[in-house]
Amino acid sequence: MKAIVFDVDDTIYDQQVVFDQACRDVFGELKGVSLVDLFKANRYYSDESFDAMGRGEMTKEEMYIYRIKRAMEEFHLPITDEQAVRYQERYVYYGSQITVSDQMRQILEYCGERMKLGVITNGPSAHQWRKIKTLNLERWVNPEYIFVSGDVGVNKPERGIFEHAMKKMGMQNPEDIVYVGDSYEKDILGATGAGWNAIWLERRGREVPEDIPEHTSIARSEEDLFQLIRKMS
């Protein structure tokens with residue numbers, strides 16, 4: 001491994017924490033509902049609506065309302081558009097306070113000392129760069145190796161964003177790169193489809209697909225992730 005590239009949301013920081021805080025502020029205690037399961041549903045509809053927005057079928061504001069409303073409906077908890085907007089406002093507020101865990105800080109420092117370190121993240125440019133600045137990722141990652149889909153014009157899992165990153169990082173062989181991400185569809189299938197190796201940081205106990213691509217490892221925690229990276233480096 002000569003280079004390692006990370007996703008941001010729910011990879012470099014734990015997005016569940018932000019989600020839980022925003023939900024409690026707006027909806028209170030949701031008795032009988034697992035916030036972990038609700039978060040998984042929200043991520044599913046977030047990916048779905050992000051793709052729709054990219055196709056011009058949905059505005060950003062409509063995406064914000066759709067993803068939390070659809071997730072809540074799965075658990076028979078219908079909410080109004082106004083509640084969805086309030087949830088998004090609280091989500092943004094707590095998102096402005098995200099931090100890198102001590103374990104993830106150790107991982108980034110370890111990688112930065114031994115190999116090229118990069119970031120690929122989906123999302124609007126300004127929104128994702130605010131997170132990058134809040135997390136202080138430029139402390140470990142050369143800004144030239146931070147790739148936001150809103151800047152590149154290509155979203156994961158499309159091969160183009162991985163090839164763009166590889167070229168900008170001066171990498172010749174895709175097999176020399178490992179990508180770390182939480183989304184099986186966006187991160188793992190995208191990276192392996194571009195010929196990269198991948199580590200699926202799967203914190204939520206989801207089942208592993210039977211046809212998981214070759215050259216994919218699974219980490220169930222940041223501790224697992226650190227152990228895998230040390231074995232590979």
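The values are calculated or read from the model by the stated rules, or taken from the named source; none is laboratory data. Computed from a predicted model, the values in this text were never measured in an experiment. Cβ coordinates were reconstructed from backbone atoms using ideal geometry, including for glycine residues, and neighbour counts include every protein chain displayed. Accessible surface is based on the protein model in full, side chains and every heavy atom, while ligands, DNA and RNA are left aside. Shrake-Rupley method; radii C 1.70, N 1.55, O 1.52, S 1.80 Å.
Across the range 1-144, the convex hull enclosing all Cα atoms gives 126 Å³ per residue.
Between 103, 128, 16, find the one with the highest GNM mean-square fluctuation for the chain; connect C-alpha pairs within less than 10 Å. The residue that fluctuates most here is 103. Straight-distance candidates among the lysines for linking to residue 131, with alpha-carbon spacing under 29 Å and chain neighbours fewer than 8 residues away dropped: 2, 40, 60, 69, 116, 156, 167, 168, 186. Build a GNM of the chain with springs between Cα atoms under 10 Å apart, and of 42, 173, 197 the one that fluctuates most is 173.
To the nearest 10, the accessible area of residue 220 is 100 Å² with a 1.4 Å probe. Listed values for the range 98-108 are Karplus-derived 3J(HN,Hα) couplings in whole Hz (6.51 cos²θ - 1.76 cosθ + 1.60, θ = phi - 60°), namely 5, 9, 8, 5, 4, 5, 5, 4, 4, 4, 5, and x replaces Gly and Pro. Estimated at the nearest 10 Å², the accessible area of residue 140 is 40 Å² with a 1.4 Å probe. Where is the GNM fluctuation largest for the chain (alpha-carbon springs, 10 angstrom cutoff): 99, 59, 216? Highest fluctuation among the options: 59.
For the chain, the 222 nm mean residue ellipticity estimated from helices alone, with every DSSP H stretch of n ≥ 4 adding -39500 (n - 2.57) and the total spread over all residues, rounds to -15500 deg cm²/dmol.
Can you tell me, using C-alpha contacts under 8 Å and at least 6 residues apart, the relative contact order of the range 1-87 as a whole percent?
Numbers: 56 pairs, mean separation 23.0, N = 87.
Reported relative contact order: 26 percent.
Evaluate the distance, in nm, between pseudo-label points positioned 7 Å from the Cα of residue 97 and of residue 31 along their respective Cα→Cβ axes. Calculated label separation equals 2.7 nm.
State whether the range 156-233 is rounded, prolate or oblate according to the following rule on the C-alpha gyration tensor (a ≥ b ≥ c being the square roots of its eigenvalues): a/c under 1.5 gives rounded; otherwise a/b larger than b/c gives prolate, and the remaining case gives oblate.
On the way: a/c = 2.07, a/b = 1.38, b/c = 1.50.
The shape class here is oblate.
Rounded to the nearest 10 degrees, the angle from helix 15-27 to the longest Cα principal axis of the chain is 10 degrees. Residue 108 contributes about 0 Å² of solvent-accessible surface, heavy atoms of the protein only, 1.4 Å probe.
Amide hydrogen proximity for residue 204: with H placed 1.01 Å from N in the peptide plane, no residue at 5 or more positions away or on another chain lies under 5 Å. For residue 1 and residue 52, the FRET efficiency from 1/(1 + (r/R0)^6), where r spans their Cβ atoms and R0 equals 30 Å, is about 0.25.
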